[in-house]
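First comes the structure, then the notes that go with it.
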Amino acid sequence: QLQASGGGLVQVGGSLRLSCAASGRTFMYYHTGWFRQAPGKEREFVAASRRRGGSTEYADFVKGRFTVSRDNAKNTVTLQMNSLKFEDTAIYYCAAWAADYNQVDFWGQGTQVTVSS
């Protein structure tokens, strides 16, 4: 199971840090990351942290602003979001997958991020 937290209301240009805690002993065998879904839009990929080596991947619209990291010892994955924009408003979901982020195996429950002007 994945449990996300850290969402909230922030002004444009502000920062938020999302956290996701995973239960179970197999966390280290999965790639992990974050997706988001804005009102009226489909869920989209945001960032990923690979299971080995910790290499990362980002959607173009968050590069340079968001940072994903994971701690296998604590079974957590975090998303540091800086320079937030109004269009970052969405429900953010943490996820874990064994193969590709187009085939997510586990979803967290989602946490709301609202960026206001």
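The values are calculated or read from the model by the stated rules, or taken from the named source; none is laboratory data. Fair warning: this is a prediction, and the values are worked out from it, not measured in the lab. Neighbour counts run over all protein chains shown; Cβ positions are idealised from the backbone, glycine included. What goes into the accessible areas is simple: the full protein's heavy atoms, side chains included, and nothing from ligands, DNA or RNA. Shrake-Rupley method; radii C 1.70, N 1.55, O 1.52, S 1.80 Å.
What to note about this one:
- Scanning the stretch 98-115 for residues being more than 15 Å from Glu44 (Cα to Cα) and at pLDDT 95 or above gives a total of 2.
Matching residues to (1) open to solvent by less than 50 Å² (accessible area, probe 1.4 Å); (2) not in a strand (DSSP E or B):
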site	(1), (2)
Cys20	yes, no
Gly24	yes, yes
Thr32	yes, no
Glu42	no, yes
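- For the stretch 64-100, the candidate set comprises residues that are assigned to a helix (DSSP H, G or I) and among the charged types (D, E, K, R); within that set, the residue that is surrounded by the fewest Cβ atoms within 10 Å (Cβ to Cβ) is Glu87.
- Failed condition for Val46, given (1) assigned to a strand (DSSP E or B); (2) open to solvent by 60 Å² or more (accessible area, probe 1.4 Å): (2)
- Residue check, Tyr58 aromatic (Phe, Trp, Tyr) and loosely packed, with under 15 Cβ neighbours inside 10 Å: no
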